[in-house]
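As structure tokens, the structure follows; a few thoughts come after it.
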Amino acid sequence: MRSSKFETIFDQQLEDLREAGNYRVFADLERHKGKFPKAARYDESGKQSEVTVWCSNDYLGMGQHPNTIEAMTDAIHKCGAGAGGTRNISGTNHYHILLEQELADLHQKPAALLLTSGYVANWAALGTLASRIPGCEIFSDSENHASMIEGIRHSRAPKHIWRHNDVEHLDHMLSQADPETAKLVAFESVYSMDGDICPLAEILDVCEKHNAFSYLDEVHAVGLYGQRGGGIAEREGLMDRVDLIQGTLGKAFGVMGGYITGSTNMIDFVRSFASGFIFSTALPPALAAGATASIKHLKVSQMERMRQRKNVKTLRDRLDAIGLPHMANESHIVPVMVGDAKKCKYISDLLLENYNIYVQPINYPTVAKGTERLRITPSPIHSEQDILHLVNALSEMWSQCALSRAVA
């Protein structure tokens, strides 16, 4: 083979991943409308079995909600499949405009901009703002998502990493900067792997003290927190103090896409200069229609959020009762700590094969080595029996693996 040298490189590095227990295997799943969190799983021979999904980011099951599905179906029949181009070349559909209006209203901001994913939204917005604001320096939380890190790196702006959720450290770092320097502080509300929530009011106090631009990623909070699902900033009554709120449509809203909200000029600035927006084909109108329907529903319905919180508490209580180690936090994310990559994958594999439970192992580089875990996300649609079955299976797995119950 002409590229045998490169094939050898590929093979060796992939083998290193397998040896470390960090090689990723994708479960071949088929979600069934109206049956979430159940799904069909296909094995290598093509044989089907029904599994219960415990690691979905469709946190509230809105990807299965009748309002979402009906809106998407209607839009497909009305507009067809794709958008037909980038937003500036024939790709802006009326459904995109309606969705941006809905998002601006959700976060009580003058404007919003729709992008193709949460990853792209962070990469495009941070990369554009920090590179085009003269002399801008970025102050980034040490646990920020890879998409934020990529956007910061792409901007080539000077960056400063502050200790995770450490407001005093942020204050100190901002104090060391030139008072005339443009400063952008980037952080998340809910951190997806540990499930911890930032001290938002204190961070905003520091940003305002130093006249810094606040950039808040609410990806794992929108739809889930606040009276209308506006996220932690809404729950805390602080949306008006945040300069830019970024979010996703692919988690609690159950569809796909990312967005930013903020002032009219700032949104127009990103729209006009961000290559990740300018040169990307627009989302299909049906996705925009489905997201709009989902957001509208969650603005007025509390049922999904209340049931999810109940199931999160029930799961945590049952794990505590049998002594299984899970990371304490106040969010909807339940990290069950394993602490070893190979054991984590082993448990995940056996849960799938022997119990029809699908929980993806979370290993390095997503989390630090030695903190490997099963990241469990209870939904409002998991039943009491689902929870009992999961907890019993985990208990048996812990016994089989002789894992210490003090792992944390």
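The values are calculated or read from the model by the stated rules, or taken from the named source; none is laboratory data. Here the structure is a predicted model, which is why all the values come from computation and not from measurement. Glycine gets a Cβ as well: all are built from the backbone with ideal geometry, and neighbour counts include every protein chain shown. The protein model used for the area step is the full one, side chains on, heavy atoms only, and it has no ligands, DNA or RNA in it. Shrake-Rupley method; radii C 1.70, N 1.55, O 1.52, S 1.80 Å.
Cross-link partners for K33 among the aspartates and glutamates, with Cα-Cα distance under 16 Å and sequence neighbours closer than 8 places in the same chain left out: E50, D58, E70. Cross-link partners of K343 among aspartates and glutamates, defined as those whose alpha carbon lies under 13 angstrom from its own and excluding same-chain residues fewer than eight positions apart: E19, E372.
Taking only protein heavy atoms and a 1.4 Å probe, what accessible area per residue, in Å², does the range 1-111 have with all protein chains in place?
Normalised by residue count, the accessible surface of the range 1-111 is 62 Å².
Could you work out how far the C-alpha centroid of the range 144-190 sits from that of the range 12-54, in angstrom? Cα centroid to Cα centroid, the span is 37 Å. In straight-distance terms, cross-link reach from K299 covers every one of the lysines whose alpha-carbon lies under 22 Å from its own, apart from those fewer than eight places away in the same chain; here that gives K109, K251, K310.
Once the Cβ-Cβ distance of F273 and C401 is raised to the sixth power relative to R0 = 45 Å, the FRET efficiency obtained is 0.30.
Counting heavy atoms of the protein chains only and a 1.4 Å probe, report the per residue accessible area for the range 309-408 as a whole number of Å².
Numbers: 4310 Å² over 100 residues.
Per residue, the range 309-408 has 43 Å² of solvent-accessible surface.
Is the range 138-188 rounded, prolate or oblate when judged by the Cα gyration tensor, a ≥ b ≥ c being the square roots of its eigenvalues, rounded requiring a/c under 1.5 and prolate requiring a/b larger than b/c? Before the final figure, lay out the partial values.
On the way: a/c = 2.67, a/b = 1.20, b/c = 2.22.
Oblate shape, in that a/c is at least 1.5 and b/c is the bigger or equal ratio.
At full extension, F26 and S301 could sit 95.6 nm farther apart than now, given 0.36 nm per residue minus the alpha carbon distance.
So, in Å, what gap is there between the alpha-carbon centers of the range 200-237 and the range 277-299? What the calculation gives is 22 Å, centre to centre.
Given Cβ point charges of +1 (Lys, Arg) and -1 (Asp, Glu) and nothing else, what value in debye, to the nearest 20, does the dipole of the range 136-266 about its Cα centre take? Could the numbers behind the result be given before it?
Working: 10 positive and 21 negative charges, 92 e Å.
Dipole size: approximately 440 debye.
What ranking of R153, R31, R375 comes out by heavy-atom accessible area, probe 1.4 Å, highest first? Provide the component values of the computation, followed by the final result.
Details: R153 145, R31 115, R375 15 Å².
The residues order as R153, R31, R375, largest area first.
Taking only protein heavy atoms and a 1.4 Å probe, the accessible area of the range 12-164 is 52% carbon and sulfur.
Simple rule: put +1 on each Lys or Arg Cβ and -1 on each Asp or Glu Cβ in the chain, find the dipole, and look at G151, L103, G339; the Cα lying farthest toward the positive end is L103. Normalising the average separation of contacting C-alpha pairs (under 8 angstrom, six or more residues apart) by the number of residues puts the relative contact order of the chain at 21 percent. For the range 8-109, the convex hull spanned by the alpha carbon atoms encloses 241 Å³ per residue.
Taken about its Cα centre, the chain carries a charge dipole of about 780 debye when Lys and Arg each add +1 at the Cβ and Asp and Glu each add -1 at the Cβ. Could you work out how far helix 341-355 tilts from the main Cα principal axis of the chain, as a 0 to 90 degree angle to the nearest 10? Its long axis makes an angle of about 60 degrees. Once C-alpha pairs closer than 8 Å and six or more residues apart are averaged by separation and normalised to the residue number of the range 20-173, the relative contact order reads 11 percent.
Annotation: for a label point projected 7 angstrom from Cα along Cα→Cβ of N265, residues of the range 193-229 with backbone N closer than 16 Å are 212-214.
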